[in-house]
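All remarks here apply to the structure that follows.
The values are calculated or read from the model by the stated rules, or taken from the named source; none is laboratory data. Note that this is a predicted model, so its numbers are computed, not measured. Neighbour counts run over all protein chains shown; Cβ positions are idealised from the backbone, glycine included. Ligands, DNA and RNA are excluded from the accessible area calculation, which covers all protein heavy atoms including side chains. Shrake-Rupley method; radii C 1.70, N 1.55, O 1.52, S 1.80 Å.
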Protein chains: 2
Amino acid sequence: MTTVEPAADTRTRLLATALRLFAEHGVEGTSLQMIADELGVTKAAVYYHFKTKAEITEAVAEPGIRELDELVVEAAKHRRHGERVDHLLIGFVDLVVRHRVLVALFSSDPGIDAALAKSAHGVEGLKQALISIVAGPEPDVTARVSAMVAFVGIAMVGGEPDLAEVDDETLSRELLGAARKLLGRPRRRVS
Amino acid sequence: MTTVEPAADTRTRLLATALRLFAEHGVEGTSLQMIADELGVTKAAVYYHFKTKAEITEAVAEPGIRELDELVVEAAKHRRHGERVDHLLIGFVDLVVRHRVLVALFSSDPGIDAALAKSAHGVEGLKQALISIVAGPEPDVTARVSAMVAFVGIAMVGGEPDLAEVDDETLSRELLGAARKLLGRPRRRVS
């Protein structure tokens, strides 16, 4: 007798299990078979949802990419430049730190490119949107470099395994502080 | 009749050709056969020097890693903290910008880990050495995060294809400026 389970639920459990195994063994070191074993299902059952591991890494990253897409749109709505920058920086730090396990995985896996390509803005569009909000529409080299260092720094350092022992709140505060210093933004008042 | 050529020279030409093809087609998109064709030799001739593409990517990165090892040792020799930081930052920016094609390749290729493992300090040792010179021997979270953002930012943004049109001197100045702002180091006086 087999248990009939809604496909959507299996898919969710499958992605959660995959993420856990990726974090433990790396994306390279995790096979579809390992995911099936951990879930207690057949490889065919995994295969029903995802044909390749690349499809799994994309699906795992998808909610974060969607959040990032929305963040860029929301941040751009502010009237004042400073408000756009603050909205984007705070949101970006928050997103990276909440997904830090995932970010750590992708910073050493080429799968991030495939996942980013799923952005509504496209990979290049997303990069340009992030940079132009912070650096303005026609930025000089100084503004572009500062903005790039800020985003790359937040994303890569946010996922850094050496900082795994630092709690989310502290890490968020420090990443935001570093980005603000770099971009010459005043520290936010406690409200 | 075959031309007898010193093996060392073939190896050097092979690595230069590999780097050029990597830059054009990506590491993934370059095969041993393509390298052989481009050099006008047989695949067996390539195979005589390198058994796998991974061995080639390691060999291509090796001089840069060795320079980085030396830089860390030299920077650490200064008596004053500020001098150590300046030596390391200036040297690191210079190294990244001189090797920016290579840096761009490795920032999206897992081969960087294998190459970094060849460091005399080891991957973790190298990271720790860079951070401890800048952040001091027992750094707090703020100092660690700032140092990490600075190094990751220099390395990733230095290899950024979107900045390929910016000349080396300008890029170096901007990367150094960003790192100094982040680390609270004064701008260097023109001497």
Pairs of alpha carbons in region B:71-161 whose separation is greater than 20 Å (percent):
35 percent
Using r as the Cβ-Cβ distance of residue A:54 and residue B:79, and R0 as 41 Å, what FRET efficiency do you calculate, to the nearest 0.05?
0.20
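With charges set only on the Cβ (+1 for Lys and Arg, -1 for Asp and Glu), what does the dipole of the protein assembly as shown come to about its Cα centre, in debye to the nearest 20?
Dipole magnitude for the protein assembly as shown comes out near 1220 debye.
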Highest to lowest packing among B:23-29, A:148-154, scored as the average C-beta count within 10 Å:
A:148-154, B:23-29
What gaps in nm, shortest first, separate residue B:79 from its twins in the other copies when you place the label 7 Å past Cα toward the beta carbon?
5.9
Quickly estimate the mean residue ellipticity at 222 nm for chain A, helices only: each DSSP H run with n ≥ 4 gives -39500 (n - 2.57), and the total goes over all residues, rounded to 500.
-23000 deg cm²/dmol
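Buried accessible area for the A:B pair, summed, 1.4 Å probe, in Å² rounded to 100?
2500 Å²
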How far, in nm to one decimal, is residue B:20 from itself in the other copies if the label point is set 7 angstrom along Cα toward Cβ? Shortest first, please.
5.2
Output the Cα-based Rg and Dmax of region A:1-100 in Å, rounding Rg to one decimal and Dmax to a whole number.
17.8, 62
Share of carbon and sulfur in the accessible heavy-atom surface of region A:26-82 [1.4 Å probe, %]
53 percent
Charges at C-beta only: +1 for Lys and Arg, -1 for Asp and Glu. How large is the resulting dipole of region A:98-191 about its Cα centre, in Debye rounded to 20?
520 debye
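Treating only the Cβ atoms of Lys and Arg (+1) and Asp and Glu (-1) as charged, compute the dipole magnitude of chain A about its Cα centre; round to the nearest 20 debye.
In debye, rounded to 20, chain A gives about 740.
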Cross-link reach from residue B:77 to lysines, straight Cα distance under 28 Å and at least 8 residues apart if same chain, gives B:118, B:127, B:181
Accessible area expressed per residue, chain A, with surrounding protein chains retained (probe 1.4 Å, Å²):
53 Å²
Defining the label point at 7 Å along Cα→Cβ, can you sort the distances from residue A:184 to the same site in each other copy, shortest first, in nm?
2.0
Over chain A, with a single point scatterer placed on each C-alpha, what log10 of the ratio I(q)/I(0) does the Debye formula yield at q = 0.08, 0.15 1/Å?
-0.31, -0.91
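What does the extension gain come out to for residue B:128 and residue B:98, with contour length at 0.36 nm per residue minus their alpha carbon separation?
Separation in residues times 0.36 nm, less the Cα-Cα distance, equals 8.5 nm.
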3J(HN,Hα) from dihedral phi, region B:161-176, Karplus parametrisation 6.51/-1.76/1.60, rounded to Hz, x for glycine, proline
x, 5, 9, 4, 7, 7, 5, 4, 5, 5, 4, 4, 4, 5, 5, 5
Cross-link reach from residue B:43 to lysines, straight Cα distance under 25 Å and at least 8 residues apart if same chain, gives B:51, B:53
